[in-house]
Amino acid sequence: MKTVIGIDLGTSTTEAAVLRDGKPVMLLNFDGKVETPSVVGLDGTGNLVVGEKAEGQLLLAPEQTVKEVKRLMGTKENVFLGKRAYSPVEISSMILSYVRNFAGKYLGEDVDRAVISVPAYFDEIQRQATVEAGKQAGFTVERILNEPTAAALSYGISHLEEESNILVYDLGGGTFDVTLLELFEGVLEVRASSGDNKLGGKDFDERLVKYLSGQFEKKQGVSLEDDIYAMARLHQAAVECKKALSTQEEYRVLLPVLAEKEGTPLELDETVSRERFEELVRDLVERTHDPIDVVLDDSGMAAADLDMILLVGGSTRIPLVQADIEAYLGKKPCFAVNPDYAVAQGAAIQAGIINGLVDDEKGIMMTDVNPYTLGIRSLNEYMMDYMSVIIPRNVTIPVTKKQMYYTSWDGQTSADIEVYQGESRSVEENHLIGTFRIHGIPSGPAGKEQLEVAFSYNQNGMLNVTAKIVTTGKEASITIDMMQTADGEKREDVSGWKESVLAEDYRTVIRRAERWLKKHEGDAGTEGAYEEIEELLYQLKLAVVEEEDGEAGDLEEEIRERMEEYGNEK
């Protein structure tokens, strides 16, 4: 069986490991190092570079370099290398491709199977984006593993006889997770997870950058805000300052010729004390309290029930972080695992389990939870966007739960089932992750017919949703698989629209729209128009497939209007 490796795709750095003789071994990159900066750039000849080479050009060519893209995973926001736009998935795939190459060289074989870790509080769309990045890098992604669970796995593999409640406090470069796990008789059971995907070392750096740039402007009378080269140097200095203040009481930031004023070079010379740094970031550290409370409440535990607070992530080296968690929970946290490597090592252990390298009887078993609430849109009195919960957050998976619903209006013969993920009671504030339609509901007055909706969610991230008409037994379903696509919304196959009885009625406008899209693909200035007509065309094909003649007619008219409008503009 081909080797499966574990990868910690981090905001600041990326690491990889493999299980050998029952223990995780860190893999070395082409620079002979364990840590690979999660940075991608274009060098002077226009070639893509990853890792240290890319990080090394941040100061000289910041406009040709991208870092910290993990924060953008699951969004439609692009980044630029030079003049070309790249999606977060594409940048992440370049980093993973680099990992695949150095892992292959290190192990002496082609490596194309991986377990990739993600923050526990990543939603389904972000997980899908991570899987897609792995696929684009040439990996078969065997499992997406929550980072705190991976860290606990790294600890638990050598503490199988313990019985303890472990709180994993994972503060990395860009994200924060907190997970409560119970370890007993070789079983690692996740009880609850929460977090903040916009909190990490990057935010501490930004506070220092803002402070230093403010001091510079106050003393020199020059703003650095629009000087990308000066800001790149300032960012690097802030990172160095932050790290130094974890071991010393003050640090001098000296940047000669940081800017100019009327031809005179200006320097930044500022001494930052640990006390001042802690004042700048204290509120960020205290933002970890709410997720901790959520985890304790959801698991039904008190702080006094905790046997261990396990620190993971480079930002937990900050003394204020350690002091804050001790004061808040009344227990001293510990570094029982390497905070930088534990996640990659845990991913490697999971990879080893998949690869059959861990003894089923003597090895470790693991359970997990779904970190977000899952449900459907339903009518609640007069609310049309009500989120009806079917699987609450922090329920142990695998799990199956069912709810009963009723028809909403007289003569209703079909129902759209929209599946959402999120914590708001309004679906508009949550993520739509799938939709399907069930036909054949017997016509009758509102509330007469019942629909049973069942959610089945497993450890591989597969969510199966089934809707059944109770009186007839007829069913319709959808399987939402994070291992399939990076699109947040699962789409139905419309390739068979030509087989529909409505095909001839709408064939002309469909062909015209397809030709329009082909003609204008990549045209500057028509991006919004292109996306709008592409979406309308998909919706039209879907309406044709589902034989919704009225809806198809409306879409036909709208497509014709949009093509005429944009054609005239062009």
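The values are calculated or read from the model by the stated rules, or taken from the named source; none is laboratory data. It should be emphasised that the depicted structure is a prediction, and the values quoted were computed from it without experimental measurement. Glycine gets a Cβ as well: all are built from the backbone with ideal geometry, and neighbour counts include every protein chain shown. Areas reflect the complete protein model, heavy atoms only, side chains present, ligands, DNA and RNA absent. Shrake-Rupley method; radii C 1.70, N 1.55, O 1.52, S 1.80 Å.
Things to note:
- Of the residues ALA336, ALA342, ALA323, ALA303, the single one that is closer than 20 Å to SER12 by Cα and of a type outside the set (S, T, N, Q) is ALA342.
Every residue, every condition in (1) charged (D, E, K, R); (2) at pLDDT 95 or above; (3) out of contact with any helix residue (DSSP H, G or I) (no Cβ under 9 Å at 6 or more places or on another chain), yes or no:
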{"site": "PHE204", "(1), (2), (3)": "no, yes, no"}
{"site": "ARG207", "(1), (2), (3)": "yes, yes, no"}
{"site": "ALA244", "(1), (2), (3)": "no, yes, yes"}
{"site": "GLU249", "(1), (2), (3)": "yes, yes, no"}
{"site": "GLU260", "(1), (2), (3)": "yes, no, yes"}
{"site": "GLU286", "(1), (2), (3)": "yes, yes, no"}
{"site": "ILE292", "(1), (2), (3)": "no, yes, no"}
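- Within region 243-271, the set of residues being open to solvent by 70 Å² or more (accessible area, probe 1.4 Å), part of a loop (DSSP other than H, G, I, E, B) and touching a strand residue (DSSP E or B) at 6+ places or on another chain (Cβ under 9 Å) comprises GLU249 only.
- In region 17-50, the residues that are touching a helix residue (DSSP H, G or I) at 6+ places or on another chain (Cβ under 6 Å), open to solvent by less than 50 Å² (accessible area, probe 1.4 Å) and under 17 Å from LEU96 (Cβ atoms): ALA17, VAL18, LEU27, ASN29, PRO37, SER38, VAL39, VAL40, GLY41, VAL50
- Taken across region 55-77, residues that are part of a loop (DSSP other than H, G, I, E, B), of a type in the set (D, E, K, R), in contact with a helix residue (DSSP H, G or I) (Cβ under 6 Å, 6 or more places away or on another chain) and closer than 30 Å to LEU234 by Cα do occur, with at least one present.
- Some residue of region 526-539 being in contact with a Phe, Trp or Tyr (Cβ under 9 Å, 6 or more places away or on another chain), modelled with pLDDT of 80 or more and small (Gly, Ala, Ser): no
- Restricting LEU451, LEU432 to residues that are open to solvent by 40 Å² or more (accessible area, probe 1.4 Å) and at pLDDT 85 or above narrows the list to LEU432.
- Filter pass, ALA304 being in a loop (DSSP other than H, G, I, E, B) and under 20 Å from GLU163 (Cα atoms): no
- Picking from residues in region 182-222 that are open to solvent by less than 10 Å² (accessible area, probe 1.4 Å) and in contact with a His (Cβ under 8 Å, 6 or more places away or on another chain), the one that is farthest from THR75 (Cα to Cα) is LEU183.
- Test: residue in region 382-403 that is modelled with pLDDT of 90 or more, in contact with a His (Cβ under 8 Å, 6 or more places away or on another chain) and either among the β-branched types (Val, Ile, Thr) or part of a loop (DSSP other than H, G, I, E, B) (or both): no
- Of all residues making up region 1-16, the number that are assigned to a loop (DSSP other than H, G, I, E, B) and either open to solvent by 20 Å² or more (accessible area, probe 1.4 Å) or acidic (Asp, Glu) (or both): 3
- Selection within region 59-94: residues that are among the β-branched types (Val, Ile, Thr) and free of Cβ contacts under 8 Å to residues at least 24 places away in the same chain. The member of this set that is surrounded by the fewest Cβ atoms within 10 Å (Cβ to Cβ) is THR75.
- Of the criteria (1) assigned to a helix (DSSP H, G or I); (2) modelled with pLDDT of 95 or more; (3) surrounded by fewer than 23 Cβ atoms within 10 Å (Cβ to Cβ), which one VAL99 fails: (3)
- Residue, surrounded by the most Cβ atoms within 10 Å (Cβ to Cβ), within region 111-138, restricted to residues that are modelled with pLDDT of 95 or more and assigned to a loop (DSSP other than H, G, I, E, B): VAL111
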